[in-house]
Amino acid sequence: IQVEAAQPAGSAYLDGGTSKYALILCHGRGKYPEWKVVDPLRKGVHEVMGWYTLSLQMPADDKDWKEYASDFPAAYKTIKEAIDFLKKEKKVTTIYLMGHSMGSRMASAFVAYNPDQPVKGLIVAGIRNNGEHPFNGKQNLEKVSIPVLDIWGDEGNGKDSRNAAERRDLISEDYTQIPIAGSNHKFDGYENRFVNIVVKWLESQTVRNEKK
């Protein structure tokens, strides 16, 4: 059988059957597709909404975050492969993209600098604004023209809340910020709350798209 587009190597996939919707997920630095944050979300969205979910193996060398700049092109390539796989092989029509931590920097940069790609909405969890291009989450998000859910834990070392405050001026009809009170950067112990917020936002976007 001739396969037009293969499932990206190392990714964790859940089949959505006849669903036309999918969520692609990008884990954080040095992690993997079934790690914290992305794993409960990929399972939760599949279970509650019946969507396809595809959690990617992102570039994940164990190194300082500042050394990841050269990995962004490989990250974009993996996300494009995921989109092709879902569109061509699974006949999905509506794709959302989610990233956590370094994965959120990569996902936001992908959307910012690949505006022709068919992504309907972006979820960034625990995104940071420090660093030069392409790391700076705020700079990336300023260039994004699709709906965004910006979600973070307001506990831990306070970095996520300070970073989120810097992005407050982006809030609009298409840009939503939601903190999870008491949660750390990885949403430890708040996984259900995190999944519920994302599911609600995806449902609201679906309703909005159907009205258009």
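For the stretch 60-76, take each phi angle, set θ = phi - 60°, evaluate the Karplus expression 6.51 cos²θ - 1.76 cosθ + 1.60, and give the result in whole Hz per residue in order, putting x for glycine and proline. Those phi angles translate into 9, 4, 7, 8, 4, 4, 5, 8, 8, 3, 6, 8, 4, x, 5, 5, 4 Hz. Surface exposure of the stretch 11-154, expressed per residue as accessible area with a 1.4 Å probe, stands at 37 Å². The stretch 195-209 and the stretch 12-30 have Cα centres spaced 15 Å apart.
For the stretch 55-212, carbon and sulfur atoms together expose 47% of the accessible surface, with a 1.4 angstrom probe and every protein chain in place. Counted by Cβ distance under 10 Å from V195, the other residues give a net charge of +2, where Lys and Arg count +1 and Asp and Glu count -1. Note on K200/N114: beta-carbon distance plugged into 1/(1 + (r/R0)^6) with R0 of 35 Å gives a FRET efficiency of 0.80.
Within the listed set E34, E81, E67, the Gaussian network model of the chain (springs between alpha-carbon atoms below 10 Å) gives the highest mean-square fluctuation for E67. Between the stretch 101-134 and the stretch 139-185, the alpha-carbon centres lie 12 Å apart. Using a Förster distance of 25 Å, how high is the FRET efficiency between D169 and K77, based on the Cβ-Cβ distance and rounded to 0.05? E(calc), rounded to 0.05, equals 0.20. A rounded overall shape is assigned to the chain, the ratio a/c of its alpha-carbon gyration tensor axes (a ≥ b ≥ c) being less than 1.5. Given the options H100, H133, H46, which has the most mean-square fluctuation in a GNM of the chain, springs set between C-alpha atoms less than 10 angstrom apart? Most flexible of the set in this elastic network: H133. With a 1.4 Å probe rolled over the protein heavy atoms of all chains, the accessible area of M106, M49 falls in the order M49, M106, largest first. The alpha carbon radius of gyration of the stretch 1-84, expressed as a multiple of 2.2 N^0.38 Å, is 1.14.
Entry note, the stretch 1-98: relative contact order of 41 percent, from Cα contacts under 8 Å with a spacing of 6+ residues. Normalising the average separation of contacting C-alpha pairs (under 8 angstrom, six or more residues apart) by the number of residues puts the relative contact order of the chain at 18 percent. At each listed q (0.13, 0.19, 0.22, 0.26 Å⁻¹), what is the log10 of I(q)/I(0) that the Debye formula gives for the stretch 126-199 modelled as equal alpha-carbon point scatterers? Per q value, in the given order, log10 I(q)/I(0) is -0.37, -0.79, -1.01, -1.24. For the stretch 105-146, the set of trypsin sites (Lys or Arg not before Pro) satisfying both a DSSP loop assignment and a count of at most 14 other C-beta atoms within 10 Å is given as K143. For the stretch 115-212, the relative contact order comes to 25 percent (Cα pairs under 8 Å, sequence separation of at least 6).
Overall, the ratio between the Cα radius of gyration of the stretch 88-212 and 2.2 N^0.38 Å, rounded to two decimals, is 1.03. Residues whose amide H comes within less than 5 Å of that of I123, counting only those at least five positions distant or on another chain, are L97, M98, G99, L149 (H built at 1.01 Å from N in the peptide plane).
The values are calculated or read from the model by the stated rules, or taken from the named source; none is laboratory data. In this text the structure is predicted, and so the values were computed from the model without any measurement. Glycine gets a Cβ as well: all are built from the backbone with ideal geometry, and neighbour counts include every protein chain shown. Keep in mind that these areas ignore ligands, DNA and RNA; they rest on the heavy atoms of the full protein, side chains included. Shrake-Rupley method; radii C 1.70, N 1.55, O 1.52, S 1.80 Å.
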